[in-house]
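The values are calculated or read from the model by the stated rules, or taken from the named source; none is laboratory data. Here the structure is a predicted model, which is why all the values come from computation and not from measurement. Because the Cβ atoms are built from the backbone with ideal geometry, glycine has one as well, and the counts that use them run over all protein chains shown.
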Amino acid sequence: MAQTPFACTRAHVLRMSLLAAASMATFWVGAPAAGAAPSAASWDTPQQRQVIAAGLLADSAGSFNGAGHLSAAQANSAMSALTAHMQDTGGETGTQGEQGPEGVAGTAAAFTAPAQTAQNPVSVAAFDRLLVEELGLEPVAAHVQATAAAAGLRPPSFFGTEVVARFLELGYEHPVGSQRLDLFPTEPISRAQAAWSLAGVLDLSSWSVSAARESLSAFELPPMSSAQRQALQIAVSRIGYPYVWGGTTDNTADGLEHGGFDCSGFAWRVYKVSGLPWGREIGGRTAAEQAGEIPRSQRLTAGQLEPGDLLFFGTAHFNSTATESNVTHEGIYLGDNWVIHSSGQGVYVLPLAGSWLGSSFAWGRRVIR
């Protein structure tokens with residue numbers, strides 16, 4: 001995947017602490033004023049225009065109503081229109097004339113959750129499930145779900161589909177100043193967010209879908225100790241939570257715009273905020289601090305990693321001194337080459353080898369002993 005991580009350094013943590021203590025109406029130098037922040041209705045105007053042109057979502061009386069909730073009827077209509085669009089274009093998608101995603105044409109997924117009526121809102125997770133089904137990747141999502149469950153991780157019901165949707169980068173993380181617009185997986189999806197995800201599907205190539213199918217079909221997890229399982233149950237339960245710069249909590253108790261985590265904040269949430277005993281092993285808040293507070297003799301290579309280990313990424317090499325400039329990202333090892341972390345798709349899962357994580361891996365650290 002081409003996406004790069006958001007920075008996770010002492011500078012941004014300190015900055016966010018100062019901002020929270022002062023006022024969230026004023027941002028750091030160079031950021032737009034609060035009044036200039038993107039609106040809930042129009043933050044993705046180009047994508048809204050794209051899906052209107054493709055006939056997936058309708059404009060009503062000149063207003064797309066991006067801030068409004070997407071209803072079950074609208075979601076079903078969008079899926080049917082997406083199938084028709086792919087058939088009409090001969091399976092092509094994207095702006096480069098690439099061959100469209102396999103399994104799109106003719107799938108026409110439908111939203112049929114119990115107790116839903118046509119006008120009830122659809123959650124982010126439910127909409128992502130429709131997209132995954134529309135792309136023909138539901139069996140892959142089911143495999144991911146079953147694997148996590150068999151490992152004893154108690155994944156939420158939407159774990160598999162969220163792993164697939166975010167692997168394909170169909171989500172969007174709002175920048176600081178508009179992170180109030182972020183959504184949890186169980187919250188109703190806005191029409192603007194739905195437009196972003198639908199546009200992402202239109203722009204997918206068959207290569208991207210095939211890569212997701214091949215990579216995630218190989219999702220496996222090793223046997224785990226009860227301690228490893230306890231920590232990773234917390235991590236897995238936060239799949240799809242937003243990336244929030246400086247965030248460490250599920251809510252706004254830390255004074256930020258929205259609940260969620262930055263990369264080291266996710267590790268902090270799993271091990272420190274949860275009160276797990278192994279959290280006492282961690283002293284520093286940032287990725288660089290957590291990477292540098294152990295002796296070099298305790299650093300782990302990729303071949304030594306076990307479930308629950310902390311992983312550090314950046315330009316640092318195995319024998320480097322950890323600094324805020326060379327260790328800029330962090331994740332938690334699930335095992336068998338899989339990492340859960342908070343970055344540009346919120347909390348999501350990627351392989352270590354075979355993604356941008358592998359090319360920037362510095363070393364690992366064991367906290368569960």
Return yes when SER217 is modelled with pLDDT of 95 or more, more than 16 Å from the chain's Cα centre (by Cα), within 30 Å of GLU134 (Cα to Cα) and not aliphatic (A, V, I, L, M) and no when it is not. yes
What are the residues in region 119-178 that are part of a helix (DSSP H, G or I), more than 24 Å from THR252 (Cβ to Cβ) and among the small types (Gly, Ala, Ser), if any? ALA126, ALA141, ALA142, ALA146, ALA148, ALA149, ALA150, GLY160, ALA165
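I'd like the full set of residues that are in contact with a helix residue (DSSP H, G or I) (Cβ under 7 Å, 6 or more places away or on another chain) and either touching a residue at least 60 places away in the same chain (Cβ under 8 Å) or surrounded by fewer than 23 Cβ atoms within 10 Å (Cβ to Cβ) (or both), limited to region 332-345.
Going residue by residue through region 332-345, those that are in contact with a helix residue (DSSP H, G or I) (Cβ under 7 Å, 6 or more places away or on another chain) are 332, 334, 339-343, 345.
Listed by number, the residues that qualify are ILE332, LEU334, ILE340, HIS341, SER342, SER343, GLN345.
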Among the residues of region 266-281, what is the count of those that are within 18 Å of the chain's Cα centre (by Cα) and basic (Lys, Arg)? 1
Which of the residues belonging to region 275-288 are outside any helix (DSSP H, G or I), under 21 Å from GLN230 (Cα atoms) and in contact (Cβ under 8 Å) with a residue 12 or more places away in the chain? LEU276, ILE282
Checked against (1) under 28 Å from THR186 (Cβ atoms); (2) at pLDDT 95 or above; (3) not hydrophobic (A, V, I, L, M, F, W, C), GLY255 satisfies every condition except (2)
When region 222-245 is checked residue by residue, the ones that are in contact (Cβ under 8 Å) with a residue 12 or more places away in the chain, surrounded by fewer than 22 Cβ atoms within 10 Å (Cβ to Cβ) and among the hydroxyl-bearing types (Ser, Thr, Tyr) are SER225, SER237
Among the residues of region 288-299, write down those that are among the small types (Gly, Ala, Ser) and either buried (at least 24 other Cβ atoms within 10 Å of the Cβ) or at pLDDT below 95 (or both). ALA288, ALA291
Residues to consider are ALA231, ALA227, ALA316, ALA291; find the one that is under 16 Å from TRP338 (Cα atoms) and either outside any loop (DSSP other than H, G, I, E, B) or out of contact with any Gly (no Cβ under 9 Å at 6 or more places or on another chain) (or both). ALA231
Name, by its number, the condition in (1) in contact with a helix residue (DSSP H, G or I) (Cβ under 7 Å, 6 or more places away or on another chain); (2) in a loop (DSSP other than H, G, I, E, B); (3) over 21 Å from PHE159 (Cβ atoms) that does not hold for LYS272. (2)
Determine whether region 246-265 contains at least one residue that is in contact (Cβ under 8 Å) with a residue 12 or more places away in the chain, over 16 Å from the mean Cα position of the chain (by Cα), surrounded by fewer than 22 Cβ atoms within 10 Å (Cβ to Cβ) and on the phi > 0 side of the Ramachandran plot. yes
Among the candidates GLY335, GLY346, GLY308, residue that is modelled with pLDDT of 95 or more, in contact with a Gly (Cβ under 7 Å, 6 or more places away or on another chain) and at positive phi: GLY346
Suppose we keep only residues that are among the β-branched types (Val, Ile, Thr) and crowded, with 24+ Cβ neighbours inside 10 Å within region 346-369. Which one would you say is farthest from GLY160 (Cα to Cα)? VAL347
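Starting from residues that are surrounded by fewer than 19 Cβ atoms within 10 Å (Cβ to Cβ) and in contact (Cβ under 8 Å) with a residue 60 or more places away in the chain, keep the ones in region 300-312 and report whichever is nearest to ASP254 (Cα to Cα).
Per the stated criteria, the residue is GLU306.
Residue-by-condition table, conditions (1) more than 22 Å from GLN179 (Cβ to Cβ); (2) part of a strand (DSSP E or B); (3) of a type in the set (Ser, Thr, Tyr):
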{"site": "GLU306", "(1), (2), (3)": "yes, no, no"}
{"site": "PHE312", "(1), (2), (3)": "yes, yes, no"}
{"site": "THR328", "(1), (2), (3)": "no, yes, yes"}
{"site": "HIS341", "(1), (2), (3)": "no, yes, no"}
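Looking at VAL201, VAL244, VAL273 in this structure, which one is of a type outside the set (Gly, Ala, Ser) and farther than 23 Å from PHE312 by Cβ? Talk me through it step by step, then tell me what you get.
Numbers: VAL244 fails: farther than 23 Å from PHE312 by Cβ; VAL273 fails: farther than 23 Å from PHE312 by Cβ.
Exactly one of VAL201, VAL244, VAL273 is of a type outside the set (Gly, Ala, Ser) and farther than 23 Å from PHE312 by Cβ, namely VAL201.
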